[in-house]
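The values are calculated or read from the model by the stated rules, or taken from the named source; none is laboratory data. These numbers were taken from a predicted model, which means no experiment stands behind them. Glycine gets a Cβ as well: all are built from the backbone with ideal geometry, and neighbour counts include every protein chain shown.
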Amino acid sequence: MGPLDFTRFHNDARQGAIPGIPASWSRSRYFTFARPGCFLVLACILMMLFAACNLGGSSSSSGTSQKASLSTSNGTITYSTSSQDVLIRTFYGGGNLGSLEMSPDISIYGDGMFILGPGLQMQEGRMEATSLQQLLNTVVDSDNLLKLSQQTFYDVPDQNATVLLLSVNGKQYQYIYGPFGNLPESESAQALADYKSLGSAITSIQNAVQGPLHPYTSPDTALLVHQDFSPNLSQNIPTWSMNDFTLYQAATFECGLIPQDITSPNADTGCLIYTVPHSAILLSAQQSEAISRLLNGQQEGDFLENGLYYQIMLRPLLPDELPQELLAMYGSGTLNYTGVPLHEGAVPTPPPTPTQ
């Protein structure tokens with residue numbers, strides 16, 4: 001900020017042309033050169049505000065694009081400050097241990113909001129802009145994530161791992177942190193040091209999402225459906241009564257056709273128990289409200305349809321999922337995260353099978 005032109009500043013203020021200063025103030029007898037002390041105090045406050053805005057980084061916005069920059073010893077990084085853009089996200093799973101995360105463990109957005117999973121019922125909190133910048137500086141600078149020799153650290157097959165997604169500089173980086181270094185002689189000293197740095201970054205992220213939490217809610221909901229081969233028959237299971245689509249349609253669209261099993265009545269494929277579905281159905285507001293009533297306000301439950309049982313789940317959408325048209329879930333049997341495509345509109349009718 002250059003030298004302050006007091007005469008121009010005063011004239012602008014009298015015309016109400018300074019944002020944040022009502023014209024009625026500037027026209028009052030207290031905002032004249034007859035009271036230079038008050039004016040100088042105001043000028044000092046404005047200069048301090050400008051200086052505070054530039055501490056630790058800079059930000060700019062143009063239309064719907066919101067970006068900020070942060071100087072580190074590894075260079076300047078840029079990141080989004082949008083409430084719909086994920087900067088940091090973590091999952092845990094991917095092995096063959098039968099785990100399914102209905103939502104991410106941690107999602108941190110550009111505006112400082114964070115959402116904690118990994119179930120249907122999530123928690124929301126918020127960190128200050130300075131805390132977010134400190135976290136980004138830690139993982140990029142102290143933990144050196146952008147300069148690791150490799151991004152996958154995993155040498156014990158079938159075990160679960162932590163997936164870390166980091167979005168800076170217009171790119172998304174994906175890291176896998178699992179069992180590693182069990183045969184130290186087969187790993188370089190650099191790889192072992194980088195593995196330690198990645199673990200440190202994940203710990204820093206987990207420690208950063210602290211403070212007051214409250215239940216996360218969303219106006220948008222995805223429906224997840226699969227055939228249930230082991231329902232709790234000790235409780236009353238209602239019959240599906242919605243006409244928009246059948247549960248057979250929804251389950252087949254999301255999880256595929258159930259293959260015939262001649263050796264067991266349980267032909268469960270593991271979809272939505274251990275593995276993510278092929279797709280997820282985006283409900284309209286009316287459909288979401290109707291299904292919620294059928295569930296008596298719960299987020300999941302069993303229904304009976306044509307002699308078969310189905311489990312349905314209502315999954316609130318995260319802020320980035322509708323724009324991206326992807327549901328953030330992570331299941332067994334795959335290390336790389338891709339997301340589940342969201343389908344909007346009529347549920348497709350599956351082709352008939354010989355058993356129908």
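A few points about this structure:
- Where a residue in the stretch 82-100 is acidic (Asp, Glu) and its partner, wherever it lies, is modelled with pLDDT of 95 or more, with Cβ under 8 Å and at least six apart: Asp85/Tyr109; Asp85/Gly110; Asp85/Ser167; Asp85/Asp320
- Out of Lys147, Lys171, one residue alone is out of contact with any Pro (no Cβ under 8 Å at 6 or more places or on another chain) and more than 23 Å from Ser82 (Cα to Cα). It is Lys147.
- Looking at the stretch 66-126, the strands (runs of 3 or more DSSP E) lying wholly inside it that each contain 2 or more residues that are in contact with a helix residue (DSSP H, G or I) (Cβ under 8 Å, 6 or more places away or on another chain) sit at 75-80, 86-93, 106-109.
Conditions tested, residue by residue: (1) assigned by TED's automatic domain parsing to the domain that holds Leu120; (2) over 30 Å from Val156 (Cα atoms); (3) without any contact (Cβ under 8 Å) to a residue 60 or more places away in the chain.
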position: Asp194; (1), (2), (3): yes, no, yes
position: Val225; (1), (2), (3): no, yes, no
position: Trp240; (1), (2), (3): no, yes, no
position: Gly256; (1), (2), (3): no, yes, yes
position: Tyr274; (1), (2), (3): no, no, no
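- Any hit, the stretch 205-227, residues being crowded, with 20+ Cβ neighbours inside 10 Å and of a type in the set (Asp, Glu): no
- Inter-residue pairs, beta-carbon under 6 Å, first modelled with pLDDT of 95 or more and in the stretch 276-288, second of a type in the set (Asp, Glu) and assigned to a helix (DSSP H, G or I), 6+ apart: Pro277/Glu254; Ser279/Glu254
- When the stretch 175-198 is limited to residues that are surrounded by fewer than 20 Cβ atoms within 10 Å (Cβ to Cβ) and closer than 13 Å to Tyr92 by Cα, the one that is modelled with the highest pLDDT turns out to be Ile176.
- Residues in the stretch 179-192 that are free of Cβ contacts under 8 Å to residues at least 40 places away in the same chain and not acidic (Asp, Glu): Pro179, Phe180, Gly181, Asn182, Leu183, Pro184, Ser186, Ser188, Ala189, Leu192.
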